[in-house]
1. Enumerate the pairs (first residue in the stretch 63-78 and free of Cβ contacts under 8 Å to residues at least 60 places away in the same chain; second residue anywhere and open to solvent by 70 Å² or more (accessible area, probe 1.4 Å)) with beta-carbon separation below 7 Å, excluding pairs fewer than 6 apart on the same chain, so at least 6 apart or on different chains.
2. What about Leu60, is it open to solvent by 60 Å² or more (accessible area, probe 1.4 Å), under 18 Å from Ser95 (Cβ atoms) and in contact (Cβ under 8 Å) with a residue 12 or more places away in the chain?
3. Identify, please: which residue in the stretch 63-92 is closer than 20 Å to Ala7 by Cβ and within 16 Å of the chain's Cα centre (by Cα) and is, among those, most open to solvent (accessible area, probe 1.4 Å)?
4. Determine the pairs where a residue that is in contact (Cβ under 8 Å) with a residue 12 or more places away in the chain, located within the stretch 79-96, has a partner that is open to solvent by 80 Å² or more (accessible area, probe 1.4 Å) with Cβ atoms under 8 Å apart, the partner being 6 or more residues away or on another chain.
5. Right, Ser95: more than 16 Å from Leu23 (Cβ to Cβ) and open to solvent by 70 Å² or more (accessible area, probe 1.4 Å) or not?
6. Could you give me the residue pairs with C-beta distances under 8 Å whose first residue belongs to the stretch 1-18 and is at pLDDT 85 or above and in a helix (DSSP H, G or I), whose second residue is of a type in the set (Val, Ile, Thr) and surrounded by 15 or more Cβ atoms within 10 Å (Cβ to Cβ) wherever it lies, and which are 6+ apart or on separate chains?
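The values are calculated or read from the model by the stated rules, or taken from the named source; none is laboratory data. If you're wondering where the values come from, they're calculated on a predicted model, not measured in any experiment. Here the Cβ is made from the backbone with ideal geometry for all residues, glycine too, and neighbour counts use every protein chain on show. Remember, those area values only see protein heavy atoms, side chains included, never the ligands or the DNA or RNA. Shrake-Rupley method; radii C 1.70, N 1.55, O 1.52, S 1.80 Å.
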Amino acid sequence: MLMKLRALKAIYFATICLPPPLLLVLYPMVFIWHVKFPMALITYYPFYFWIGFVLLIIDLWCSKYPKNVKVRWSILNTILGIICLPIYWFRYVLSK
């Protein structure tokens, strides 16, 4: 049961942490060059992302890491999330 929960968490956080760099390319392609893409995904993904981001921060603060690590990753993920979210995912979510 614990292994399934860990796998589910890793998969969910992957959908939160990995797409933002892709969206930097996808949004201009859809809105500037009018590339066809399901608008429902573009409309709802930001809500999904922010809910997942809040869950990621809660998971970080409930972990056993020292407080300075929690503060550092909270700030980095909030300010530089496009770069830091994938790094956080590979380093802390997958390594558990």
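1. Pairs found: Lys70/Trp61.
2. Values: open to solvent by 60 Å² or more (accessible area, probe 1.4 Å): no; under 18 Å from Ser95 (Cβ atoms): yes; in contact (Cβ under 8 Å) with a residue 12 or more places away in the chain: yes.
So Leu60 fails the test.
3. Arg91
4. As it stands, the answer is Ile82/Leu24; Lys96/Arg6, since those pairs meet every condition given.
5. On the way: more than 16 Å from Leu23 (Cβ to Cβ): yes; open to solvent by 70 Å² or more (accessible area, probe 1.4 Å): yes.
Here the answer is yes, as Ser95 does meet what is asked.
6. If the second residue must be of a type in the set (Val, Ile, Thr) and surrounded by 15 or more Cβ atoms within 10 Å (Cβ to Cβ), the pairs left are Lys9/Val93; Ala10/Val93; Phe13/Val93; Ala14/Val93; Cys17/Val93.
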